[in-house]
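What follows is one structure encoded as structure tokens, with my remarks underneath.
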Amino acid sequence: MGEVYRATDTQTGETVAVKALNPEIIEHDPTLLERFVREGEALRQLNHPNIVHMVAAVEEQGRHYLVMEFVEGGSLRDLLNTRGKLPANEVVRIALEVADALTRAHHLKIIHRDLK
């Protein structure tokens, strides 16, 4: 749907992640803007240590952005590429953290289709 950039919040000086919605996608399917907005609203409702915190939703010059907490590190794929097979206790720890976050989302009747 778009690209994610590492940026600096000009008000706080903190590093943030900015998700920019690709404008060409909206031209082809205007319903994707609604989905992008719903994603921002869902993030705003969630308050969990394993779910990225939403800072702001911004529309500027016809472009749409979600500003989110920046989380240092990589993806699970990056971890597996670097370390290979993980010990069972670490796999269980990661799975429990993901399940805990999903439980919070599902409690709020939010179904997330894009886990990272």
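The values are calculated or read from the model by the stated rules, or taken from the named source; none is laboratory data. Please read these numbers as outputs of a predicted model, since none were measured by experiment. Glycine gets a Cβ as well: all are built from the backbone with ideal geometry, and neighbour counts include every protein chain shown. In case anyone asks, the SASA skips ligands and DNA or RNA and just uses the protein heavy atoms, side chains included. Shrake-Rupley method; radii C 1.70, N 1.55, O 1.52, S 1.80 Å.
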Kindly establish whether A88 is on the phi < 0 side of the Ramachandran plot and at pLDDT below 95. no
Would it be correct to say that R35 is among the charged types (D, E, K, R), farther than 18 Å from H112 by Cβ and touching a residue at least 12 places away in the same chain (Cβ under 8 Å)? no
Selection from the range 58-86 of residues that are in a strand (DSSP E or B) and over 13 Å from the mean Cα position of the chain (by Cα): V58, E59, E60, R63, H64
Of all residues in the range 48-84, count the ones that are open to solvent by 80 Å² or more (accessible area, probe 1.4 Å) and of a type in the set (S, T, Y). 1
Where residues in the range 102-116 are among the hydrophobic types (A, V, I, L, M, F, W, C) and assigned to a helix (DSSP H, G or I), which of them is most open to solvent (accessible area, probe 1.4 Å)? L102
Does any residue of the range 20-35 turn out to be within 29 Å of D100 (Cβ to Cβ) and of a type in the set (G, A, S)? no
Quick one: is I51 out of contact with any strand residue (DSSP E or B) (no Cβ under 6 Å at 6 or more places or on another chain) and not in a loop (DSSP other than H, G, I, E, B)? no
Scan the range 93-101 and tell me whether some residue there is outside any loop (DSSP other than H, G, I, E, B), in contact with a Lys or Arg (Cβ under 9 Å, 6 or more places away or on another chain) and surrounded by 10 or more Cβ atoms within 10 Å (Cβ to Cβ). no
Do we find that D114 is within 19 Å of A17 (Cβ to Cβ) and either at pLDDT below 90 or of a type in the set (F, W, Y) (or both) in this structure? yes
Here the residues within the range 9-47 that are at pLDDT 85 or above, of a type in the set (V, I, T) and either in a loop (DSSP other than H, G, I, E, B) or surrounded by fewer than 15 Cβ atoms within 10 Å (Cβ to Cβ) (or both) are T10, T12, T15
